[in-house]
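The values are calculated or read from the model by the stated rules, or taken from the named source; none is laboratory data. This structure is a prediction, so every number in the text was calculated from the model and none was measured. So basically every Cβ, Gly included, is an ideal-geometry build from the backbone, and we count neighbours across all protein chains shown. SASA here: full protein model, heavy atoms, side chains in, ligands and nucleic acids out. Shrake-Rupley method; radii C 1.70, N 1.55, O 1.52, S 1.80 Å.
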Amino acid sequence: GQTRAVQVAGLGGVPSDAIGVVLNVTATDTTSSSYLTVWPQPNPQPSTSNLNWDRAGQTVANLVYTGLGPTGAVSIYNNLGRASVVVDVFGYYEPPSVSGGLAFVPVTPNRILDTRYAIGGPATPLGAGEGRTVSVAGTNAIRPDAAAVLVNLTATRPTAVSYLTLWPSGVAQPGTSNLNMLPGETRANAALDMLGGGNLSLYNNRGKSDAIIDVLGQYIPPDGTSGEFVPLQPSRLL
């Protein structure tokens with residue numbers, strides 16, 4: 001039943017005038033089944049959830065697009081028990097008056113990596129501490145000038161407690177994670193990442209795991225017609 005305000009604007013590369021952010025929110029050290037809700041602070045708490053888990057001891061993550069309150073903060077609410085919460089920031093949105101941002105263009109979802117069937121690379125799982133480069137730009141409806149992509153990342157047949165990290169190729173691996181998994185489980189999470197030379201780098205921490213990446217959309221240089229992000233107070237449709 002506790003709510004905590006988390007400052008975002010002005011931290012982690014997010015400018016002080018940001019109006020929205022893309023966060024990867026992870027719950028760990030959980031003591032019961034519960035859920036987290038994330039929303040702009042100090043708006044009233046919505047009747048929605050962003051991240052759910054069904055038993056104590058689970059570590060789960062989910063990508064969250066959210067607006068920011070007037071002070072650049074979000075509120076995070078935990079329903080039952082206790083949970084440690086990790087918040088990684090992957091991007092931000094600025095007011096329309098600020099130029100130089102990227103425009104989002106959805107694509108028909110398609111698969112660019114499947115380590116089970118040699119799609120996008122060899123038909124071998126990622127080993128412990130192994131990284132792999134995944135070609136993205138210029139393939140499967142992704143434009144050559146795409147600067148970032150929205151993907152669905154899936155881990156399947158993992159052999160150990162582990163996590164997967166995605167980041168732009170050609171830069172140092174960040175100290176963040178996109179997806180946490182347990183042995184034998186299949187889990188998925190959306191991920192937003194910049195591209196490095198048109199590529200993504202993918203890393204598995206422990207054991208072995210197959211990985212699947214499905215592309216959902218791309219961020220391109222603004223063309224004056226593509227839509228911009230407009231945050232809403234979260235509401236439940238279904």
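Quick rundown of the values:
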| read-out | value |
| --- | --- |
| Pair list, Cβ < 7 Å and 6+ apart or interchain, from the range 37-49 residues that are without any contact (Cβ under 8 Å) to a residue 40 or more places away in the chain to residues that are open to solvent by less than 50 Å² (accessible area, probe 1.4 Å) and part of a loop (DSSP other than H, G, I, E, B) | Val38/Asn50; Gln41/Gly69; Pro42/Gly69 |
| Some residue of the range 131-139 being among the basic types (Lys, Arg) and in contact (Cβ under 8 Å) with a residue 60 or more places away in the chain | yes |
| Any hit, the range 184-192, residues being in contact with a Phe, Trp or Tyr (Cβ under 6 Å, 6 or more places away or on another chain) and modelled with pLDDT under 95 | yes |
| Any hit, the range 160-179, residues being more than 29 Å from Asn52 (Cβ to Cβ), without any contact (Cβ under 8 Å) to a residue 40 or more places away in the chain, open to solvent by 80 Å² or more (accessible area, probe 1.4 Å) and not small (Gly, Ala, Ser) | yes |
| Evaluation of Ile213 against (1) surrounded by fewer than 15 Cβ atoms within 10 Å (Cβ to Cβ); (2) β-branched (Val, Ile, Thr); (3) in contact (Cβ under 8 Å) with a residue 60 or more places away in the chain (one fails), failing number | (1) |
| Flag if Pro144 is open to solvent by 70 Å² or more (accessible area, probe 1.4 Å) and of a type outside the set (D, E, K, R) | yes |
| Close pairs from the range 50-65: first closer than 15 Å to Phe90 by Cβ, partner part of a strand (DSSP E or B) and open to solvent by 40 Å² or more (accessible area, probe 1.4 Å), Cβ under 9 Å, at least 6 apart | Asn50/Tyr35; Asn50/Asn62; Ala61/Val86; Ala61/Tyr163; Asn62/Asn52; Leu63/Phe90; Val64/Val87 |
| Hey, Tyr35 more than 18 Å from the chain's Cα centre (by Cα), in a strand (DSSP E or B) and among the aromatic types (Phe, Trp, Tyr) or not | no |
| Members of the range 52-72 that are within 12 Å of Leu23 (Cβ to Cβ) and open to solvent by less than 10 Å² (accessible area, probe 1.4 Å) | Val64, Thr66, Gly67 |
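Residue-by-condition table, conditions (1) within 27 Å of Asn152 (Cβ to Cβ); (2) in contact with a Leu (Cβ under 8 Å, 6 or more places away or on another chain):
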| residue | (1), (2) |
| --- | --- |
| Ala9 | no, yes |
| Asp17 | no, no |
| Asn43 | no, no |
| Pro70 | no, no |
| Leu80 | no, no |
| Ser84 | yes, no |
